[in-house]
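Working notes, beginning with the structure itself.
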Amino acid sequence: MIISLTSPGRSPLQALLLAAGILVAGLAGCTEKNGAASPPPAPGKVVGTVDLDSHVPLWMTHGSLSVVALMKGPTSPDWLPVARVLFIHPTFPVPFEISQKDVRLTGITFQGPVRLVARLSLESGSSLVTSGEYSGSAPVAGAVGGVPVRIVIDKKLPSMVGSP
């Protein structure tokens, strides 16, 4: 398509406005994505969302969801659960935030690298709806004050039927 900017009867100002309009319209249609911009970090907190995989039964949302942060201290041999947030009858996706106020152990400062695990549990007590537990974890370790993480609940945990 050819548009003449200098047609008879068109003033230089009209030609300039027409050219500017074409340029703006062209730029609006040519947005380039260099990758999604990262959300800003959350100082002193771990934030993110928990979502369900498609194979997790929807009746599980009548249970409870806990998101646990595990930390490894300078003297601990392994990652230990230090903080937890709980959601009753969650509606997915569930945004979460874990901070120092959620730490369950005295003397622990919520900082540095963390591992995140989410667990969806339902004890139905009914023969029509099966009890169970599903879990998921963040694919990589997060950090307190780092970028938001995404956890997908996608693993069915073994049943503890008959356990003392």
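No value in this document is a laboratory result; all are computed from the given coordinates. Worth saying up front: this structure is predicted, and the values here are computed from it rather than measured. Note that we place each Cβ from the backbone using ideal geometry, even for glycine, and neighbour counts take in every protein chain shown.
With labels modelled as points extended 7 Å from the Cα through the Cβ direction, what inter-label distance (nm, one decimal) is found for residue 157 paired with residue 115?
Going by the 7 Å Cα→Cβ label model, 1.5 nm.
Given R₀ = 45 Å, FRET efficiency for residue 123-residue 101 by Cβ-Cβ distance, to 0.05?
Step by step, r from the Cβ atoms, then E = 0.95.
In nm², what is the average projected area of the convex hull enclosing the Cα atoms of segment 45-156?
7.5 nm²
Which loop-located trypsin sites (Lys or Arg not before Pro) does segment 46-135 contain, where loop means any DSSP state but H, G, I, E or B and the Cβ has at most 14 other Cβ atoms within 10 Å? Each step should come with its number before you reach the end.
Working: sites: 72, 84, 101, 104, 115, 119; in loops: 72, 104.
Of the trypsin sites (Lys or Arg not before Pro), the ones in loops of segment 46-135 whose Cβ has at most 14 other Cβ atoms within 10 Å are 104.
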